[in-house]
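Only one structure is covered here, and it is reproduced in the block below.
The values are calculated or read from the model by the stated rules, or taken from the named source; none is laboratory data. This structure is a prediction, so every number in the text was calculated from the model and none was measured. Cβ: placed from backbone, ideal geometry, glycine included. Neighbour counts: every protein chain shown.
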Amino acid sequence: MSTPHAPIDRVLVVEDDDAVREAIRAGLALHAFDVTVAHDGESAIAAVIDRMYDVVILDVGLPGISGIDVCTHLRRQEIDVPILILSARDEVGDRIAGLQAGADDYLVKPFDLSELAARVAALIRRASLRPAITAVVRFGDLRIDTDRRRAFVGDDAIDLTRREFDLLHALATNPGVVLSRLRLLELVWGYDFDVDTNVVDVFIGYLRRKLAAAGLPPLIGTVRGVGFVFELR
Amino acid sequence: MKLATRTGLAALVASAIAILVLANVVATRFERVLSDRVDETLIERAASSAAVLVAVGDRISVSELNGVIASARVVTGMGTDAMQTIEVGQQPSGGLPSVGEPGLRTVEVGDESWRLYAVSVDDVPEVGDRAVVEFAEPLGSVQQRIRDSRRRVIIGGFVAAIGAGVIGWVFGRRAARPLTRLRHDAAALGGAERLAVADRYGTPEVDDVAAALNAGLSDLSEAIERREQALAAARDFAASATHELRTPLQSAMTNLDVALAAEAGPGAASVAVARSELARMAVSLTTVQALSQADLAQSQWFDQLDVDAFADLADEVTSRSSSTSRIELVVEQPLSVAHFAVWPDGVRLALDNVLRNALTHGRPVDGSPGHVVVRIVVDETTGAPTIVVDDDGPGIAADDRVRVMAPFERGSTATQGSGLGLAVVDRVARAHSGSVTVGSSPLGGTRIEIALGPRRA
């Protein structure tokens, strides 16, 4: 039941509860990940700065520096390692804060080990498959700089998290094509398996709000029952 | 009727009555003075010229007296055959009635009034007994003057009354201004941070009302605060309790996952059973948490959603389903695009539960892929959306329809499930002041209607 991936993939598990941390460590080791653990936010930041990780699994409810703060801190340091947050206490609040702080996906406790392993593997695979093409996509006032991984309206950069950028890029490079939620999960998150998540809708919501705030007309449409489409209407 | 209008009208009516009464008193008094003066004139005239008139009556011609004497009649030989009446001066056109008893009287001649004063002149030897002189004065001009003055007083009075009304209205408005301010303050209480109106409005009566209102509001805000604290404590408790349960559940599940993957020994089957029992527990825990969330839903969780955003939400839930059944989403767009505050996570949860039910229990009995239709209907007057989910399954027996709403109750034919799904849906609807109804669907199965707002009577 192990998911295919390179054997040296390094995962950092940040979790304050000893039993959960050890269980996840044992479980991911079983799926052939190289697992390192940290029990609080400070040691997590230190660990990420010290060594390269392929994925960070971050519990939100850490004592001291919270998981959200760790996320914010790492993104501010321009460390773009994929981050999967685990939310437990205030499910909704944690999820929103975590994703807006730059996390890539979330899982709500309790989850299946196989689900966690599959997502971790997909996030790693997706991260290594970043398009290397240097291109600038233009859509009216919107300019998407693939190389610098930033989007602009005129000269002003739109403040997008990495996953928001990836989603925008996936949509904008397929103008007029209706992309289903499954297709977007595959394109942006690398999830090519059956996954029960509304992460696409959550990120579409964030993206729409940020594009509107930047003064752009509505560019992302919903095709009811099918998916989303990017077009200048 | 507005307070200002009321005071204006009261001032108008009161001053009109006052002025009418006053006008009447003044007119009566004026009439008395004028008629007294007429009487004085007549009496004076009589005193100075009655005797002379009688004395000279025979000797000089009447025409000579005309112009000297205003208006008089000299009667000699009163009551005898030789009675003779000499008219002097101006006479009324119809002629005066016959001379009466000495004294003052008023007679009507045609449509004119005359004041008459008759005196007996008994001691004039030349004419002998029974000589009477009667002086007359037309009252026409006097009455005219009285009428004029009465009219002037009344017209002036009405003008003054209207003025008083306007002034009363203005003052009434002024007096009502503190009340108006209090009304505005009270109307703004709905969105106010602090449940209180101002202390001072500049009028003692209004200040008293404000004080009474504030006393009541203070009790109310205390009660609200206590309720909020209790709700916050309950929410905190629910979150902490589920957190405390989730964490060990997580480690137990993961450990069993590891054990299952690592070992294939004789204990593996038991481990698998334990693992699936924990998974069941996890589902129940999530649902119980959802129940408590729906019961404790707070207004900050609500968001203004238009029909499209709401349909997107439904689309998200329906598209996530990985069932072989066909799910159709229909949005019945009303004439105007309604904005309505809903609790998106709650709606997602409710829809998720209803769909899950429809896909698990709502499949046709012959085992063919089911057909589920999700319709979103928006009430045109209230803007409240209703989600209608129809399936083509076996349906829910009419007797079971109320019972399945209660927590831990399953349909009488159902063997699986926690029995919490519809209870969650019910709580979510109630968090929106709405309700859930279970009925039969035109597709042949169950129809669940989730009204996310009060139903119209």
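Counting only helices (runs of 4 or more DSSP H) that sit completely within the range A:86-203, those holding 2 or more residues that are touching a Cys at 6+ places or on another chain (Cβ under 9 Å) correspond to A:91-100.
Only residues that are in a loop (DSSP other than H, G, I, E, B) and touching a residue at least 24 places away in the same chain (Cβ under 8 Å) were counted across the range B:376-401, and they come to 12. Among the residues of the range B:3-57, the ones that are among the basic types (Lys, Arg) and closer than 14 Å to B:Ile146 by Cα come to 3 in all. B:Leu349 - would you say it is assigned to a helix (DSSP H, G or I) and at the interface with chain A (Cβ under 9 Å from one of its Cβ atoms)? Taking the combined requirement at face value, the residue does not satisfy it. The condition (being modelled with pLDDT of 90 or more, surrounded by 16 or more Cβ atoms within 10 Å (Cβ to Cβ) and either more than 14 Å from every other protein chain (Cβ to nearest Cβ) or more than 11 Å from the chain's Cα centre (by Cα) (or both)) is satisfied by just one residue among A:Ala97, A:Ala127, A:Ala88, A:Ala118: A:Ala118. If you scan the range A:190-215, which residues turn out to be modelled with pLDDT of 90 or more, away from chain B (no Cβ under 14 Å) and surrounded by 19 or more Cβ atoms within 10 Å (Cβ to Cβ)? Scanning the range A:190-215 gives a single hit, A:Leu211.
So which residues in the range B:24-43 are surrounded by 14 or more Cβ atoms within 10 Å (Cβ to Cβ), out of contact with any Ser or Thr (no Cβ under 9 Å at 6 or more places or on another chain) and of a type in the set (A, V, I, L, M, F, W, C), if there are any at all? Passing the criteria: B:Leu34, B:Val38, B:Leu42, B:Ile43. Going through (1) within 19 Å of A:Thr222 (Cβ to Cβ); (2) surrounded by fewer than 19 Cβ atoms within 10 Å (Cβ to Cβ); (3) at pLDDT 80 or above one by one, B:Val273 falls short only on (1). Of all residues in the range A:9-21, none are crowded, with 23+ Cβ neighbours inside 10 Å, over 21 Å from B:Ser251 (Cα atoms) and free of Cβ contacts under 8 Å to residues at least 60 places away in the same chain. When each of B:Ala398, B:Ala384 is tested for being within 45 Å of the chain's Cα centre (by Cα), at pLDDT 80 or above and loosely packed, with under 15 Cβ neighbours inside 10 Å, the lone residue that passes is B:Ala398.
Within the range A:33-52, is there a residue that is surrounded by 24 or more Cβ atoms within 10 Å (Cβ to Cβ), touching a residue at least 40 places away in the same chain (Cβ under 8 Å) and of a type in the set (A, V, I, L, M)? Taking every residue of the range A:33-52 in turn, none turns out to be surrounded by 24 or more Cβ atoms within 10 Å (Cβ to Cβ), touching a residue at least 40 places away in the same chain (Cβ under 8 Å) and of a type in the set (A, V, I, L, M).
Residue count for the range B:196-231 under the criterion of being more than 30 Å from B:Leu296 (Cα to Cα) and part of a helix (DSSP H, G or I): the result is 9. Residues in the range A:205-230 that are farther than 20 Å from A:Asp155 by Cα and not β-branched (Val, Ile, Thr): A:Gly205, A:Tyr206, A:Gly221, A:Arg224, A:Gly225, A:Gly227, A:Phe228, A:Phe230.
Would you say B:Arg181 is of a type in the set (D, E, K, R), farther than 29 Å from B:Ile17 by Cβ and in contact with an Asp or Glu (Cβ under 6 Å, 6 or more places away or on another chain)? The answer is no for B:Arg181. Scanning the range A:155-183 for residues that are farther than 14 Å from A:Phe228 by Cβ and either of a type in the set (Val, Ile, Thr) or surrounded by fewer than 21 Cβ atoms within 10 Å (Cβ to Cβ) (or both) yields A:Asp155, A:Asp156, A:Ala157, A:Ile158, A:Asp159, A:Thr161, A:Arg162, A:Phe165. In this structure, is B:Leu189 touching a helix residue (DSSP H, G or I) at 6+ places or on another chain (Cβ under 6 Å) and under 21 Å from B:Gln298 (Cα atoms)? So B:Leu189 fails the test. The residues of the range B:222-266 that are of a type in the set (Lys, Arg), more than 8 Å from every other protein chain (Cβ to nearest Cβ) and surrounded by 13 or more Cβ atoms within 10 Å (Cβ to Cβ) amount to a single one, B:Arg235.
Quick check: is even one residue across the range B:406-422 in contact with a helix residue (DSSP H, G or I) (Cβ under 6 Å, 6 or more places away or on another chain), in a strand (DSSP E or B) and modelled with pLDDT of 80 or more? No, the range B:406-422 has no match at all. A:Ala47: in a helix (DSSP H, G or I) and within 16 Å of A:Ile124 (Cα to Cα), yes or no? So A:Ala47 fails the test.
Looking only at residues in the range B:287-311 that are touching a residue at least 12 places away in the same chain (Cβ under 8 Å), within 30 Å of B:Asp392 (Cβ to Cβ) and facing another protein chain (nearest Cβ under 10 Å), which one is surrounded by the fewest Cβ atoms within 10 Å (Cβ to Cβ)? The residue in question is B:Asp308. Of the residues making up the range B:267-281, those that are farther than 21 Å from A:Leu28 by Cα and within 11 Å of chain A (Cβ to nearest Cβ) number 1. When the range B:312-345 is limited to residues that are at the interface with another protein chain (Cβ under 7 Å from one of its Cβ atoms) and more than 27 Å from B:Pro454 (Cα to Cα), the one that is modelled with the highest pLDDT turns out to be B:Ser319.
Taken residue by residue, the range B:17-24 has no member that is under 16 Å from B:Val142 (Cβ atoms) and in a helix (DSSP H, G or I).
Within the range A:49-103, being in contact with an Asp or Glu (Cβ under 7 Å, 6 or more places away or on another chain) and on the phi > 0 side of the Ramachandran plot holds for one residue alone: A:Gly64.
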